[in-house]
Amino acid sequence: MHGTVTPDARAAGAPAVRIAVFIALAHGINDAYASFVPPLLPRIMDGMGISIALAATLGVSFAIATALPQPFFGYIADRFGRRALAVGGMVVSAVFVSLMGFASSYWGLLLLLVLGGLGGAAFHPPGASYAVRLTGGRGSGGRYSIFSFGGAIGYSAGPLVAVGLVAWGGMEGLWVAMIPAVLFAPVFFLGLPRRRGEPGDVLPAPPPTAVIRELAGPLGIIFGVSSAMAFVQRAFLTMEPIIVAEMGGSETLGAAALSVYLGAQAFGTLTGGFLSDRIDRRLLLFMLCALSLPAHLLATWLGPWSGPGFVAIAMAGFLGMATLPPIVVMAQEMLPRAPGASSGIVMGLAWTVGAVGVMGTGAVADATGPQVATLLSMPVAGIAALLALHPGLKWMKTGKPR
């Protein structure tokens, strides 16, 4: 069985890939809105007269709303179907994030971002389970990388779209950004399978308590790796535009730095997905996390002021996001009856933990400066590398049938 692919698996693989491509397009639209906030933080700080810590709290609150409810939405998707959550979540995210220019106060802006974040939380777990499809034959890592690539492309385009719309019509001009999501929502709804839509989904999802108990085992280790890497990446994304602004750079330069970082993430997720189907995932995670540490230190230190700085930013984004496909596929293989819930744990819940840590980075930045605070945050990637070597993950090898 180790090197054999059955005819049924081959037959299932083609539609599985088509679904992965389709949901990847929706992922790209959804995640573009998720990256609107960081490049606009310096403008929001000036317009509302708030501190770095309060600005970081806006970004972190949005990230938490996008991430924390994901295990819940994943469980709902496992029990009742994925399509409505995936499509509806994309639309909710688009509408509320695009309306943030109309907020007249800090708390009004915070409310809009939280509501928009909840839409993203509803989209991701069903989207990831549509993409991986453990019943779709070999190549689950590759299929997830297609899904993640779509999201990364949207996420990398988001900062430039946001800054461009604001330059055109002010903060209120962001409302135009919701149009693609609203227009394509019916297309995605009709194109995705109904209910859970997979031939192997015949067993009921386990109860929530059973899912939570899995955190005491290998799932908890993977959760730790994902949390640490999420913190490193979120710290860079939140603080880099502020660092550029504090050093006299323009809003466009800060957005360009984020777009390079996020664009490189798109290729990182492709590479990580395909490698996770071919080599020992535990060793792959260790190498990616270990290399991510010096890359993020260099990216923060050099900044977008020179060619080498942009190269360092690109390498940091590439290595950081390359860890996500093996993390998600390993989690779904640990809980094959609950792919939505397991994805929500290692994506949403882990991203929440990482985002909360950035609030501490923001507080330190008010005392030491944003660049020093960000540099002090980067060694957390070393913790992720050590967790990836935990003996509890030895049984996770590659995507080949065991």
Q. Looking at segment 162-221, which of its residues are at pLDDT below 80, crowded, with 19+ Cβ neighbours inside 10 Å and under 23 Å from the mean Cα position of the chain (by Cα)?
A. Arg196, Val211, Glu214
Q.
Here's a check for you: in segment 73-104, which residue that is more than 24 Å from Phe22 (Cα to Cα) and touching a residue at least 40 places away in the same chain (Cβ under 8 Å) is surrounded by the most Cβ atoms within 10 Å (Cβ to Cβ)?
A. Met100
Q | Selection count, segment 46-99, where residues are more than 21 Å from the chain's Cα centre (by Cα), modelled with pLDDT under 90 and not β-branched (Val, Ile, Thr) | A | 10
Q) Residues that are among the basic types (Lys, Arg) and in contact with a Leu (Cβ under 9 Å, 6 or more places away or on another chain): which helices (runs of 4 or more DSSP H) entirely in segment 228-338 hold 1 or more of them? A) 281-302
Q) How about segment 351-393: which of its residues are open to solvent by less than 10 Å² (accessible area, probe 1.4 Å), hydrophobic (A, V, I, L, M, F, W, C) and either modelled with pLDDT of 90 or more or within 16 Å of Glu240 (Cβ to Cβ) (or both)? A) Ala355, Val358, Ala365, Ala373, Met378, Ala381, Ala384, Ala385, Ala388
Q) Looking only at segment 45-58, which residues are open to solvent by 10 Å² or more (accessible area, probe 1.4 Å) and outside any loop (DSSP other than H, G, I, E, B)? A) Met45, Asp46, Gly47, Met48, Ile52, Ala53, Leu54, Thr57
Q.
Name the single residue that is nearest to Leu319 (Cα to Cα) among those in segment 250-268 being surrounded by fewer than 20 Cβ atoms within 10 Å (Cβ to Cβ) and modelled with pLDDT of 85 or more.
A. Phe267
Q.
Residue under question is Val346, and the condition is that it be in a helix (DSSP H, G or I), open to solvent by 20 Å² or more (accessible area, probe 1.4 Å), touching a residue at least 12 places away in the same chain (Cβ under 8 Å) and more than 19 Å from Tyr261 (Cβ to Cβ); does it hold?
A. no
Q. Given the structure, is Phe62 open to solvent by 30 Å² or more (accessible area, probe 1.4 Å) and in a helix (DSSP H, G or I)?
A. no
Q) Taking Leu40, is it under 22 Å from the mean Cα position of the chain (by Cα), part of a helix (DSSP H, G or I), at pLDDT 85 or above and under 14 Å from Ala355 (Cβ atoms)? A) no
**Q.** Checklist (1) under 19 Å from the mean Cα position of the chain (by Cα); (2) open to solvent by 10 Å² or more (accessible area, probe 1.4 Å) applied to Phe236, failing item
**A.** (2)
Q) Restricting the first residue to segment 355-371 and requiring it to be more than 15 Å from Leu237 (Cβ to Cβ), which pairs with a second residue that is open to solvent by 30 Å² or more (accessible area, probe 1.4 Å) and among the hydroxyl-bearing types (Ser, Thr, Tyr) meet a Cβ separation below 8 Å and a spacing of at least six or different chains? A) Asp366/Ser51
Q.
Against the condition touching a Phe, Trp or Tyr at 6+ places or on another chain (Cβ under 7 Å), open to solvent by 20 Å² or more (accessible area, probe 1.4 Å) and modelled with pLDDT of 90 or more, how does Phe318 come out, does it pass?
A. yes
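The values are calculated or read from the model by the stated rules, or taken from the named source; none is laboratory data. Note that the structure is a prediction, hence the values are computed from the model and not measured. Note: ideal-geometry Cβ built from the backbone for every residue, glycine included; neighbour counts use all protein chains shown. These area figures cover heavy atoms from the full protein model, side chains too; ligands, DNA and RNA do not enter into them. Shrake-Rupley method; radii C 1.70, N 1.55, O 1.52, S 1.80 Å.
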